[in-house]
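Okay, so here's the structure we're looking at.
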Amino acid sequence: MVLSLAAFLGLWAVVAAIVAEPATMPGPLRVWTVLVDEAASGRLLTNTGITLLRVVAAFVVAMGIGVALGLVLGRSGRTDRWLNPWLVILVNMPALVVTVLCYIWIGLNEVAAVAAVVINKVPLVTVMVREGSRALRPDLDDMALIFRMPTGARLRHVVLPQMAPYIAGAARAGLSLIWKIVLVVEFLGRSSGVGFQIHLNFSMFRVAHILAYAFAFILVMLVIEYLILRPLERHAGRWRQDGH
């Protein structure tokens, strides 16, 4: 990983040197200097924190709705046939269109910002969880029925353990999508956050600042990916590897 990142930085530095236009193609050192300056001023931490809060809020709501819908659609063929056209429409609806419509219908506020992200994210989670729900083992369902397990216990001990890898996969895929949509939402209609800073620096043609904020938030997402989501995904699929 270290060698790969070093190669990426080296290639970036070479391209920047060949182009020789620091205003449009700043090198790694220039972007690093801007990143340090923005962090020292407090703007980087403030805007990154605001964006992260929006990402977390949209993620929690979208996962809750998507997991519930996915379980229902995977277990009920009639409901799935009824709602599948809706899913196809929403999955293929451009995020930009949803964002603009939410701002028009709800207003330029936090509710519209989070709602736009949730609407874009829920169909993806629903589809992934639905496919996992269809793959549940029928023999375990029969066992639960024979032993007359209550609905809550059946969900906890039979359904969710089998669904955990699919939910974890949906969470990983969803998080990578959510933060990108949040930046678009902030770019179009918010006055704070990383997306707003990118919009502000775009209007002033400050490419180094745009890259500094982009890489800062990518770093935050990488930390979440490697320290939280991947360990959770391995833990969720451990029961399959152990043969339990």
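The values are calculated or read from the model by the stated rules, or taken from the named source; none is laboratory data. The shown structure was predicted, so the numbers you read here are calculated from the model rather than taken from an experiment. So basically every Cβ, Gly included, is an ideal-geometry build from the backbone, and we count neighbours across all protein chains shown.
Just to check your reading of the model, which residue among PRO22, PRO26 is outside any helix (DSSP H, G or I), more than 29 Å from PRO165 (Cβ to Cβ) and modelled with pLDDT of 90 or more?
PRO26
Looking at this structure, is ALA16 free of Cβ contacts under 8 Å to residues at least 24 places away in the same chain, more than 26 Å from the chain's Cα centre (by Cα), surrounded by 14 or more Cβ atoms within 10 Å (Cβ to Cβ) and assigned to a helix (DSSP H, G or I)? Give the derivation first.
On the way: free of Cβ contacts under 8 Å to residues at least 24 places away in the same chain: yes; more than 26 Å from the chain's Cα centre (by Cα): yes; surrounded by 14 or more Cβ atoms within 10 Å (Cβ to Cβ): yes; assigned to a helix (DSSP H, G or I): yes.
When the stated conditions are applied, ALA16 passes them.
For residues that are under 15 Å from the mean Cα position of the chain (by Cα) and either free of Cβ contacts under 8 Å to residues at least 60 places away in the same chain or closer than 15 Å to LEU175 by Cα (or both), tally how many sit in segment 96-126. Spell out the reasoning first.
Residues of segment 96-126 that are under 15 Å from the mean Cα position of the chain (by Cα), as a first pass: 113-126.
Restricting the remaining residues to those that are either free of Cβ contacts under 8 Å to residues at least 60 places away in the same chain or closer than 15 Å to LEU175 by Cα (or both) gives 114-126.
Number satisfying all stated conditions: 13.
Could you tell me which residue of segment 57-86 is surrounded by the fewest Cβ atoms within 10 Å (Cβ to Cβ), considering only residues that are β-branched (Val, Ile, Thr) and closer than 30 Å to PHE196 by Cβ?
Looking only at segment 57-86, we keep the residues that are β-branched (Val, Ile, Thr), and these are 60-61, 65, 67, 72, 79.
Add one more test, that the residue is closer than 30 Å to PHE196 by Cβ, and what stays is 60-61, 65.
Working: VAL60: 12, VAL61: 16, ILE65: 16.
By that ranking, first place goes to VAL60.
Could you please let me know if ALA115 is surrounded by 17 or more Cβ atoms within 10 Å (Cβ to Cβ) and not basic (Lys, Arg)? It would help to see each step written out before you state the result.
Numbers: surrounded by 17 or more Cβ atoms within 10 Å (Cβ to Cβ): yes; not basic (Lys, Arg): yes.
Yes.
Which count do you get for residues in segment 167-197 that are surrounded by 22 or more Cβ atoms within 10 Å (Cβ to Cβ) and closer than 17 Å to SER41 by Cβ?
Qualifying residue count, segment 167-197: 3.
Could you check, for segment 87-102, whether at least one of its residues is surrounded by 13 or more Cβ atoms within 10 Å (Cβ to Cβ), closer than 26 Å to GLY189 by Cβ and touching a Gly at 6+ places or on another chain (Cβ under 8 Å)? Give the steps one after another, and end with the answer.
Our first condition is that a residue be surrounded by 13 or more Cβ atoms within 10 Å (Cβ to Cβ); within segment 87-102, this holds for 87, 90-91, 93, 95-96, 98-102.
Filter once more, keeping what is closer than 26 Å to GLY189 by Cβ: 90-91, 93, 95-96, 98-102.
Within this subset, residues satisfying the condition of being touching a Gly at 6+ places or on another chain (Cβ under 8 Å) are 99.
Checked against the condition, which is being surrounded by 13 or more Cβ atoms within 10 Å (Cβ to Cβ), closer than 26 Å to GLY189 by Cβ and touching a Gly at 6+ places or on another chain (Cβ under 8 Å), segment 87-102 yields at least one hit.
Output the residues belonging to segment 19-47 that are of a type in the set (Ser, Thr, Tyr) and under 25 Å from the mean Cα position of the chain (by Cα).
First, pick out the residues of segment 19-47 that are of a type in the set (Ser, Thr, Tyr): 24, 33, 41, 46.
Of everything in segment 19-47, just one residue is of a type in the set (Ser, Thr, Tyr) and under 25 Å from the mean Cα position of the chain (by Cα), namely THR46.
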